[in-house]
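Below is one structure; the comments refer to it alone.
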Amino acid sequence: LHTLSHLDHYLEEFERNATANGIHIHWAADAEEHNRTVLEIFRAHNVKVVTKGKSMLMDECGMREFLEAQGIEIYEADLGERIQQLDNQRPSHIVMPAIHKLRSDVASLFARTLGSDKDIDDPHYLNSVMRADMRKKYIKVDAGMSGVNFGIAETGGIVVCTNEGNADISANLPPLYVATMGLEKLLPR
């Protein structure tokens, strides 16, 4: 309640401190402006290939579909999101995007799309198949992007937490990183 009651102050403090840290801040009023802003950034940097860590905001804005329609290759870096992307489906759950799929479903999907053995549905094997495929993509991307768990007004920093490391790679390996954050993710300190 405190943060929401003083949101104007904290947003300005966050922008001021983030800018001092060398971060470029862009504001968007809606999904269309959000997507257009990201596209403008990518075009300014001649971005053709992107990896995307998990982001509910980007999913709500239809970012992947928007960028694909603009001719930008985009690869989901989160295992569940990648499963859904390979199956041309939207995430089915906010935390577990492919919770409705059986291991055998994923084994069949990976065999069809990534060339793995359709008879092996061991989770470790399936994860290694996806990891090997994504490693090839990570080395050729022009930009990475992810959501943000929270932003800190006091420091102008962002925090991104993952259990797979996909956002870490998307944020640190490519020459350009774009993070998107909803206003509700802001913390004073």
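For beta carbons closer than 7 Å, sequence separation of 6+ or different chains, a first residue in region 14-28 that is of a type in the set (Asp, Glu) and a second that is open to solvent by less than 70 Å² (accessible area, probe 1.4 Å) and not in a helix (DSSP H, G or I), the qualifying pairs are Glu15/Ile25.
Condition check ((1) in contact with a Ser or Thr (Cβ under 9 Å, 6 or more places away or on another chain); (2) under 22 Å from Phe66 (Cβ atoms); (3) at pLDDT 95 or above) across all residues:
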residue	(1), (2), (3)
Arg90	no, yes, no
Ala98	yes, yes, no
Arg112	no, no, yes
Gly115	no, no, yes
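Residues that are assigned to a loop (DSSP other than H, G, I, E, B), within 21 Å of Val47 (Cβ to Cβ) and in contact with a Ser or Thr (Cβ under 9 Å, 6 or more places away or on another chain) were ranked within region 131-170; the one that is most open to solvent (accessible area, probe 1.4 Å) is Val160. Selection of helices (runs of 4 or more DSSP H) fully inside region 1-116 by the criterion of at least 2 residues being surrounded by fewer than 17 Cβ atoms within 10 Å (Cβ to Cβ) and charged (D, E, K, R) returns 7-20, 31-44, 63-69, 103-114. Restricted to region 117-130, and to residues that are assigned to a helix (DSSP H, G or I) and more than 19 Å from Thr51 (Cα to Cα), which residue is nearest to the chain's Cα centre (by Cα)? Selected residue: Leu126. Applying the criterion of being in a strand (DSSP E or B) and more than 15 Å from His24 (Cβ to Cβ) to the residues of region 171-187, the residue that is most open to solvent (accessible area, probe 1.4 Å) is Leu187.
The values are calculated or read from the model by the stated rules, or taken from the named source; none is laboratory data. Please read all numbers here as calculations on a predicted model, not as lab measurements. Here Cβ is always computed from backbone atoms with ideal geometry, including for glycine, and neighbour counts include all displayed protein chains. Surface areas here come from the heavy atoms of the whole protein model, side chains and all, with no ligands, DNA or RNA. Shrake-Rupley method; radii C 1.70, N 1.55, O 1.52, S 1.80 Å.
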